[in-house]
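For reference, the structure discussed in these notes is given below.
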Amino acid sequence: MGVVNVTPDSFSDGGRFLDAAAAVAHARRLIAEGADVLDIGGESTRPGAEPADEREEIARVVPVIEAVRHESDVPISVDTMKPAVARAAVAAGATMWNDVTALGWSRDSPATAAELGCEVVLTHMQGEPRTMQKQPRYDDVVAEVAAFLKARAEAAIAAGVAREKIWVDPGFGFGKTRAHNLELIRGLPQIAALDFPIAVGVSRKSLIAKIARDGAGADQRLGGSIALALAAAKAGAAMLRVHDVAETRQALAVAAAIGDA
Ligand code: HH2
């Protein structure tokens, strides 16, 4: 899954793709690099980010989704917590709703996902983006994340979402310390036991600089991103949300040839 940000404040590319034409050009490049899915988002969820207005978010993502849909049949996911944005995105051609609040931001989210009939990615987050990295606490991070994802999947199914449309994502960096993120990577098989396909987003996250203890900026984290992507794939992740599609595909192809991913 290749990341296409249409935000003015996303941590990794600082709003370079705010302009829809630039976002579409970036999408084109990720498709050429071999992305199987594009994740198009109009609101940053990086730690400390301010929420975006619903109409603003729709105005950012819909023209990009329409333009990509017009020239490619690559599956499109919309990265949003708002049901109105998901609705507009699906009308424009998206077939997946990637929601970092696991359909929890609005009371209408589960029923909207059921009505839209799209795939959904349910992600774990402790707290909310503005404050989530302040003091994350767990007794057993892997068990708590697994229990949360199971409960959210059950809530989605109860609202009418088909079981086979559901993905789960442990939410790396979303209210987790260095130690929590490492425990979660090692504990992915426990999440896989829920029997939903697993999505993982670690690409360029600050947790890489914390693990490596090297203070690397977002554009200097490719090595760590690939190391984590390979570990996640080996532990059972079925979809990797990445900025660097070509490099990640190459690493996965080599690991797969060795028999390691
Ligand atoms: N992380 C971010 C956004 N969306 N979706 C899923 N399913 N899993 C993730 O881990 C995930 C996600 C982080 O987003 P942001 O901080 O806005 O930066 P970017 O979109 O450049 O990755």
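Every number here is computed from the coordinates shown, using simple stated rules; none is lab data. All figures in this text were calculated on a predicted structure; none of them were measured in a lab. Note that each Cβ is placed from the backbone with ideal geometry, even for glycine, and that neighbours are counted across all protein chains shown.
Remark: the Cα gyration tensor places segment 1-113 in the oblate category, a/c being 1.5 or greater and a/b not exceeding b/c.
Protection proxy ranking for 48-60, 30-42, using the average of other Cβ atoms within 10 Å per residue and placing the highest first: 30-42, 48-60. Using only side-chain charges placed at the Cβ, +1 for Lys and Arg and -1 for Asp and Glu, the dipole size of segment 92-209 relative to its Cα centre rounds to 480 debye. Charge dipole of the chain (Cα centre as origin; +1 on each Lys and Arg Cβ, -1 on each Asp and Glu Cβ, all else neutral): 600 debye, rounded to the nearest 20. Antiparallel versus total DSSP beta bridges in the chain: what percent is that, nearest 5? Here the share of antiparallel DSSP bridges comes out near 0 percent.
The order of the peptides 184-194, 168-178 by mean Cβ neighbours within 10 Å, most packed first, is 168-178, 184-194.
For Arg241, the residues 5 or more places off, or on other chains, whose built amide H falls under 5 Å of its own are Val200, Gly201, Val202.
Here the scattering of the chain is modelled by Debye summation over its C-alpha atoms, one equal scatterer each and no solvent; at q = 0.11 Å⁻¹ the log10 of I(q)/I(0) is -0.55. With a simple spin-label model that places each label point 7 Å from the Cα along the Cα-to-Cβ direction, the separation between Ala147 and Ala32 comes to 4.9 nm. Here segment 204-234 and segment 123-201 have alpha carbon centers that stand 19 Å from each other. Distant-in-sequence amide contacts of Ala102, defined by a placed amide H-H separation under 5 Å and a gap of 5 or more residues or a different chain, comprise Thr123.
Helices in the chain that qualify as membrane-span-like (whole DSSP H runs, Cα extent of at least 24 Å along the helix axis, mean Kyte-Doolittle hydropathy of 0.0 or higher) are 141-158. Counting only Cβ charges, +1 for Lys and Arg and -1 for Asp and Glu, the dipole size of segment 21-146 around its Cα centre is about 260 debye.
Name the shape class, rounded, prolate or oblate, that the alpha-carbon gyration tensor gives for segment 155-254, where a ≥ b ≥ c are the square roots of its eigenvalues, rounded holds for a/c under 1.5, and otherwise prolate holds if a/b is larger than b/c and oblate otherwise. The shape class here is prolate. The alpha carbons of segment 99-237 give a radius of gyration and a Dmax of 15.1, 46 Å, in that order.
When only Cα pairs below 8 angstrom with a gap of at least 6 residues are kept, the chain shows a relative contact order of 16 percent.
Under the classification rounded if a/c is under 1.5, otherwise prolate if a/b is larger than b/c and oblate if not, where does segment 34-80 fall, given a ≥ b ≥ c as square roots of the Cα gyration tensor eigenvalues? It is oblate, given that a/c is not under 1.5 and a/b is not larger than b/c. Remark: spin-label model distance Arg107-Ile258 equals 5.2 nm, labels positioned 7 Å along the Cα→Cβ axis.
Between Ala193 and Glu154, the FRET efficiency from the beta-carbon distance, with R0 = 25 Å, is close to 0.95.
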